[in-house]
Amino acid sequence: MGLQVSFIFGGISTEYDSSVSSLRNIISSYLELPVNRRPFGVKNIYHLNRENGLIRTIPLTGVSEAQNIDAYIESNVAALGGPLLSTIGSVDPCKEYLVNLLHGQFGEDGGIQWLAALLGLKGTFGDPHVASLTMNKHAMSLFVSSQLPPDIVRIPKTRLIKPKTVEHEIPIANSMQGPVVVKPNSLGSSILTEVFDDPVARQDDMLEIISEILRYDRAALLQEYIPGYEYSCGCIVNASGIMLLPVVEIQTQRRFFGSKEKNCSDLYGLRVVDDSDPISVKVKDITNKIAGAVDLYNIARFDFRVNDESEVYFLECNYLPGLGTGGIFPTMLQSAGMTVIDMIAYILNSPNLFGAKDHIRV
């Protein structure tokens, strides 16, 4: 039959639920299509167990319709599996194209990307160096500031906090003018992200959330809060160029997209910004410049803050944005006239898919 698509989901990160949500939306969308309109065949679903790190192969044949996808996933995820290396190592790159749905740690930080590169797998993994860079919010911000001047895009004042520097950094945060944002350096989905209007009065609360972050991350960030609005721009990248998706404004009552908002759809709304809007033009231009400079492949999403003076501040790059129903990236796709299945087909059929370079042999 030729090359078929398989999906790897689950994982060991705090973004496990986001991975499941991405798979659910993709498989449901795929099954809703008439068989003769499905642009590719699906071979396997690989589930990486978050409890023991074992991986189980789940054939799609047991799913007959979109309505029973949840029950099917839940009935399989608890089953025992085999070692990751031997299971993934048995994939034939000439017959199987892997779509990576592992969000967060190991899925977006270069872990699975290095494994895929070493095994010569075909899929949506991309460059492990780029994955490592984009997952590190502090390093990525430094990269952006080195590539683009502040009259194009700014970076919020940020302090990197490690376990040994907490007591030193908190007083510095207290000296910042205005609210302060505390967030992980390399966790996604706005996990443990919060804004503190009065850092001095809420120092104990800040220390508590920083301590919680450092349980899961090597570093936390103290960042100045930029008054204004939050925007996001996604893109699909291949060797032919960068396809920019419509810009989306993330609307919240308190003008902050933190853990509370991320975990409750009633607390935020998404507004697709018209392409002719000056903010859209500006954000797209910045996204295009960053995506080109960092040599991205496949998909990514960039988040920004824009103040009342229309100054744009870079926040972070989502190397593998969530693809769950109603999410930010799927909303962008829908506005562009695409579905998640269209997106996968586009990537699958793109010329010169990313592959690891040969080593020099002396």
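The values are calculated or read from the model by the stated rules, or taken from the named source; none is laboratory data. Since the structure is predicted, the reported quantities are computational estimates derived from the model, not experimental observations. Note: ideal-geometry Cβ built from the backbone for every residue, glycine included; neighbour counts use all protein chains shown. For accessibility, only protein heavy atoms count, side chains too; no ligands or nucleic acids. Shrake-Rupley method; radii C 1.70, N 1.55, O 1.52, S 1.80 Å.
Tabulated data
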item	result
Filter result (open to solvent by 70 Å² or more (accessible area, probe 1.4 Å), under 30 Å from Leu192 (Cβ atoms) and not small (Gly, Ala, Ser)) within the range 263-281	Asn263, Asp266, Leu267, Arg271
Ile286 vs. criteria out of contact with any helix residue (DSSP H, G or I) (no Cβ under 8 Å at 6 or more places or on another chain), within 21 Å of Val181 (Cβ to Cβ) and open to solvent by less than 20 Å² (accessible area, probe 1.4 Å)	yes
Whichever residue in the range 111-127 is of a type in the set (A, V, I, L, M) and out of contact with any strand residue (DSSP E or B) (no Cβ under 7 Å at 6 or more places or on another chain) and, among such residues, is surrounded by the most Cβ atoms within 10 Å (Cβ to Cβ)	Ala117
Selection within the range 230-241 - on the phi < 0 side of the Ramachandran plot and modelled with pLDDT under 95	Val237, Asn238, Ala239, Ser240
Some residue of the range 95-107 being farther than 27 Å from Asn349 by Cβ and without any contact (Cβ under 8 Å) to a residue 24 or more places away in the chain	no
First in the range 182-205 and modelled with pLDDT under 85, second anywhere and of a type in the set (Asp, Glu) and open to solvent by less than 20 Å² (accessible area, probe 1.4 Å), Cβ under 8 Å, 6 or more apart	Leu187/Glu15; Leu187/Asp217; Gly188/Glu15; Gly188/Glu108; Ser189/Glu15; Ser190/Glu261; Ile191/Glu15
Count of the range 43-68 residues which are part of a strand (DSSP E or B) and either modelled with pLDDT under 75 or open to solvent by 50 Å² or more (accessible area, probe 1.4 Å) (or both)	4
When residues of the range 216-232 are limited to those that are of a type in the set (Phe, Trp, Tyr) and open to solvent by 50 Å² or more (accessible area, probe 1.4 Å), the one nearest to Arg154 (Cα to Cα)	Tyr229
Residue that is most open to solvent (accessible area, probe 1.4 Å) [pool: residues in the range 144-161 that are in a helix (DSSP H, G or I) and closer than 22 Å to Val182 by Cβ]	Ser145
Residue match in the range 246-254 (condition: surrounded by fewer than 18 Cβ atoms within 10 Å (Cβ to Cβ), among the acidic types (Asp, Glu) and under 25 Å from Thr339 (Cβ atoms))	no
Count of the range 113-170 residues which are closer than 12 Å to Leu221 by Cα and basic (Lys, Arg)	4
Extreme residue, modelled with the highest pLDDT, among residues of the range 74-88 that are touching a Lys or Arg at 6+ places or on another chain (Cβ under 8 Å) and more than 23 Å from Leu121 (Cβ to Cβ)	Leu80
Extreme residue, surrounded by the fewest Cβ atoms within 10 Å (Cβ to Cβ), among residues of the range 294-331 that are under 20 Å from Ser350 (Cβ atoms) and more than 14 Å from the chain's Cα centre (by Cα)	Asp295
Count of residues meeting criterion [in contact (Cβ under 8 Å) with a residue 12 or more places away in the chain and open to solvent by 10 Å² or more (accessible area, probe 1.4 Å)] in the range 21-37	9
Which numbered condition Ser13 fails, given (1) open to solvent by 40 Å² or more (accessible area, probe 1.4 Å); (2) out of contact with any helix residue (DSSP H, G or I) (no Cβ under 7 Å at 6 or more places or on another chain); (3) of a type outside the set (Asp, Glu); (4) not in a helix (DSSP H, G or I)	(1)
Verdict on Ser141 being open to solvent by 20 Å² or more (accessible area, probe 1.4 Å), in a helix (DSSP H, G or I) and either farther than 30 Å from Gln4 by Cα or not hydrophobic (A, V, I, L, M, F, W, C) (or both)	no
